[in-house]
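Below is one structure, written out as structure tokens; comments come after it.
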Amino acid sequence: MELAAIGRVQAAGRIVLEQRYRSALRGLEGFSHLWVIWLFEPAGEGALLCHPRGRPDLPVVGLFATRSPHRPNPLALTLVQLRARQGCILEVEGLDAREGTAVLDLKPFIPGSDRPESVRVPDWVGRLYRERERGER
């Protein structure tokens with residue numbers, strides 16, 4: 001299987017796509033949010049069981065229950081807010097990829113089709129979000 005980057009993360013909040021994809025961006029600014037599919041830097045495959053974020057105060061869970069970069073395939077998916085588009089440059093908010101990261105694809109977020117009516121997460125995920133809101137860790 002071969003994958004090719006359509007662009008790269010240029011800086012925090014900026015994705016620059018190759019010029020040949022310029023016409024493929026037509027109409028994208030009509031969406032407030034996008035799914036960005038990108039590649040983790042090679043981290044190698046890790047343990048199948050781990051503490052989320054390496055924190056021993058959180059329960060041991062399976063690799064696929066985390067967002068760890070140590071995966072069999074280094075694919076990442078992030079929902080971002082599209083702030084602006086100028087040519088092949090997208091200004092986004094919420095992208096957790098580093099500068100130089102390969103972007104593989106973009107997909108518009110469409111409410112209702114992309115999210116279930118109700119979402120369930122384990123207690124430890126709620127704890128992480130509460131900590132983040134309070135500026136902890």
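Things worth noting here:
- Verdict on Cys88 being of a type outside the set (Gly, Ala, Ser) and farther than 30 Å from Arg130 by Cα: yes
- Test for Leu3: is it part of a strand (DSSP E or B) and surrounded by 12 or more Cβ atoms within 10 Å (Cβ to Cβ): no
- Any chance Gly46 is under 18 Å from Val103 (Cα atoms), touching a residue at least 24 places away in the same chain (Cβ under 8 Å) and surrounded by 13 or more Cβ atoms within 10 Å (Cβ to Cβ): no
- Being touching a Phe, Trp or Tyr at 6+ places or on another chain (Cβ under 8 Å), surrounded by 12 or more Cβ atoms within 10 Å (Cβ to Cβ) and part of a strand (DSSP E or B) is not true of Val36.
- Strands (runs of 3 or more DSSP E) (entirely within the range 58-137) containing at least 3 residues that are among the acidic types (Asp, Glu), surrounded by 14 or more Cβ atoms within 10 Å (Cβ to Cβ) and free of Cβ contacts under 8 Å to residues at least 24 places away in the same chain: none
- Here Arg20 meets the list (1) within 28 Å of Val125 (Cα to Cα); (2) free of Cβ contacts under 8 Å to residues at least 12 places away in the same chain; (3) not aromatic (Phe, Trp, Tyr) almost entirely, failing just condition (1).
- Any hit, the range 42-55, residues being touching a Leu at 6+ places or on another chain (Cβ under 9 Å), closer than 18 Å to Ala5 by Cα and not in a loop (DSSP other than H, G, I, E, B): no
- Flag for Glu18 being acidic (Asp, Glu), under 24 Å from Leu128 (Cα atoms) and modelled with pLDDT of 95 or more: no
- The set of residues in the range 6-33 that are among the aromatic types (Phe, Trp, Tyr) and surrounded by 14 or more Cβ atoms within 10 Å (Cβ to Cβ) contains only Phe31.
The values are calculated or read from the model by the stated rules, or taken from the named source; none is laboratory data. All values derive from a computational prediction rather than experimental measurement. Neighbour counts run over all protein chains shown; Cβ positions are idealised from the backbone, glycine included.
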